[in-house]
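To start, the structure itself, in structure tokens.
The values are calculated or read from the model by the stated rules, or taken from the named source; none is laboratory data. Fair warning: this is a prediction, and the values are worked out from it, not measured in the lab. Because the Cβ atoms are built from the backbone with ideal geometry, glycine has one as well, and the counts that use them run over all protein chains shown. Surface areas here come from the heavy atoms of the whole protein model, side chains and all, with no ligands, DNA or RNA. Shrake-Rupley method; radii C 1.70, N 1.55, O 1.52, S 1.80 Å.
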2 protein chains.
Amino acid sequence: MTVTAERGPGWAPEPDPGDAGRRVTAAGRMLAVLDAFGPRHRSLTLSDIARRGGLSLSTAHRLVHELMAWGALERDGEGRYSVGLRLLELSALAPRGLGLREAAYPHLEDLHRATRGNVHLGVRDGTGVVYVEAIRARVRNPVNSRVGDRWPMHATGTGLVLLAHAEPEFQEQVLSSPLERFSPMTVIDPDELRRTLASIRQTGVAVARGQITVPDMVVAVPVLDAGGRVAAAVSVVVEATDERTRELAGVLTQASRAISRTLGPSPVTEL
Amino acid sequence: MTVTAERGPGWAPEPDPGDAGRRVTAAGRMLAVLDAFGPRHRSLTLSDIARRGGLSLSTAHRLVHELMAWGALERDGEGRYSVGLRLLELSALAPRGLGLREAAYPHLEDLHRATRGNVHLGVRDGTGVVYVEAIRARVRNPVNSRVGDRWPMHATGTGLVLLAHAEPEFQEQVLSSPLERFSPMTVIDPDELRRTLASIRQTGVAVARGQITVPDMVVAVPVLDAGGRVAAAVSVVVEATDERTRELAGVLTQASRAISRTLGPSPVTEL
């Protein structure tokens with residue numbers, strides 16, 4: 001397997017420290033401390049945090065200690081800080097996060113067992129997709145499938161499905177933003193993407209090859225809430241040499257319907 | 001199955017609004033907004049948040065909007081607020097959270113498949129245990145096994161293991177605090193618990209029956225980091241009529257060793 005994008009879960013643009021000058025409120029400065037952490041910055045010293053958060057050392061020191069007392073941060077024996085378990089506990093309350101995962105899990109497990117591929121459950125957040133569950137095949141590339149990962153919509157199966165069913169203005173907003181290329185096969189041409197989105201709406205299924213890693217293929221379908229709106233998307237990633245596209249679409253659709261039956265009305269309609 | 005404790009994941013004492021008067025810093029008021037959410041309070045109105053956080057409506061309004069812009073909160077069509085996905089993304093960076101889960105997952109899946117019980121991976125946080133992974137048997141009680149759940153140590157298999165290997169002063173601190181009874185079988189007598197902890201240290205295995213739900217039995221063992229310190233505990237919950245205690249201890253110990261081999265030195269030594 002060729003991993004063409006080593007950035008993996010680190011796609012999300014990490015905050016530009018230059019931005020932090022705009023953090024004028026006290027609450028904003030606290031969020032700047034949390035924003036200092038990212039997939040490539042999981043363990044930071046106090047001065048890392050101050051620099052990345054655009055804060056003075058004394059402000060960073062005070063806020064870090066307040067966040068540590070609360071459980072949002074932890075400190076290791078070498079004085080480096082990392083994200084603490086209070087945030088896992090809080091994030092478990094997110095209706096579109098671990099709550100959705102909870103409803104979907106048995107069906108995702110079935111899907112994983114039936115396909116032996118990587119299985120993702122993704123929801124739209126801002127202009128990206130966040131994985132609320134990721135079950136990995138052991139033999140497969142571990143880079144791209146972690147709970148909490150954020151990816152751009154144009155490059156992932158779940159993202160393409162969510163984008164295809166989003167409001168037209170939102171689609172244009174995404175298509176007119178800079179689209180990153182993760183592999184030589186990542187489609188970044190807006191016209192080609194528009195045709196892809198139309199085809200996804202028509203067939204109900206997204207099929208994409210090598211968008212992030214070559215030679216992978218992803219098949220994805222929407223998950224509807226009780227009101228018939230697209231609440232999430234579910235995908236399976238297999239080797240592109242796998243010729244089971246139709247079969248995969250079938251088992252995905254079954255899983256998606258099973259998940260839908262467990263969902264109430266969409267918990268969040270304002271994004 | 002008799003569920004004797006309907007509190008489920010709602011054990012963690014939710015903040016007493018009366019406490020919030022002590023939130024004198026701006027950062028503290030922001031944390032008070034987040035603290036307003038809990039397992040039994042996943043969806044709140046603005047005035048719920050103000051009341052539970054001990055904040056004025058206008059302060060709550062300002063902070064809620066700041067947290068919403070950042071992604072920590074989301075608002076639904078009815079104007080109710082819930083926890084947002086930015087917190088899931090952040091919590092995925094916790095080395096003792098989804099990071100540990102990541103290393104352990106394939107072994108927990110094996111354990112689940114071998115035992116058909118509920119499988120938990122728990123770490124110590126404050127005076128409780130937080131589940132960083134929970135794989136549920138479909139036929140079993142869904143109440144007590146969710147990622148991000150926080151439970152008291154004396155009532156859970158993982159908690160008893162973590163407590164047995166904690167420093168003596170910490171053990172006494174926990175044993176001298178009020179110990180909640182979740183079922184008629186929950187052991188809350190400090191002397192009996194001290195004997196239990198000694199036996200866990202001697203045998204390497206915790207076995208407890210009906211501590212939270214009757215008629216369940218839990219078997220749990222420690223997971224060591226590369227430095228030989230107890231970094232986590234893994235447990236399996238089965239029906240108490242199941243006579244496989246020794247077999248379960250065997251497969252748990254295998255899984256624990258397999259997880260240990262994937263761990264580096266403990267990421268966090270100061271708790």
> Which value in nm describes the separation of the simple spin-label points at B:Ala198 and A:Ser177, placed 7 Å from the Cα toward the beta carbon?
Replying inline: 6.2 nm
> Can you give the accessible area buried between chains A and B, summed over both chains, with a 1.4 Å probe, in Å² to the nearest 100?
Replying inline: 5700 Å²
> Looking only at other chains, what is the average number of their beta-carbon atoms within 10 angstrom of each beta-carbon in A:102-114?
Replying inline: 2
>> Using a 1.4 Å probe on the protein heavy atoms only, what accessible surface does B:Thr196 show? Give it in Å² to the nearest 10.
In response: 40 Å²
> How big is the stretch B:98-262 in terms of Cα radius of gyration and Dmax, in angstroms?
Replying inline: 14.3, 40
> For the stretch A:63-100, which GluC sites (Glu not before Pro) are both in a DSSP coil and crowded by at most 14 other Cβ atoms within 10 Å?
Replying inline: A:Glu78
> Quick one: length gained pulling A:Asp48 to A:Ile188 fully straight, 0.36 nm per residue minus the C-alpha distance?
Replying inline: 47.0 nm
>> To the nearest 20 Debye, how big is the dipole of the protein assembly as shown about its Cα centre, given +1 on the beta carbon of each Lys and Arg and -1 on that of each Asp and Glu?
In response: 180 debye
> Which value, in debye to the nearest 20, gives the size of the charge dipole of chain A about its Cα centre, when Lys and Arg are +1 and Asp and Glu are -1 at the Cβ?
Replying inline: 320 debye
> What residue of chain A has the nearest C-beta to the axis that moves A onto B, and what is that distance in Å, given as a whole number?
Replying inline: A:Ala26, 1
>> Restricting everything to alpha-carbon atoms, can you work out Rg to Rh for the protein assembly as shown with a Kirkwood hydrodynamic radius?
In response: 0.96
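Do the sum for chain B: with -39,500 (n - 2.57) for every DSSP H run of n ≥ 4, divided by all residues, what is the mean residue ellipticity at 222 nm, to the nearest 500 deg cm²/dmol?
Numbers: 9 runs with 105 residues, N = 271.
It comes out at -12000 deg cm²/dmol, rounded to the nearest 500.
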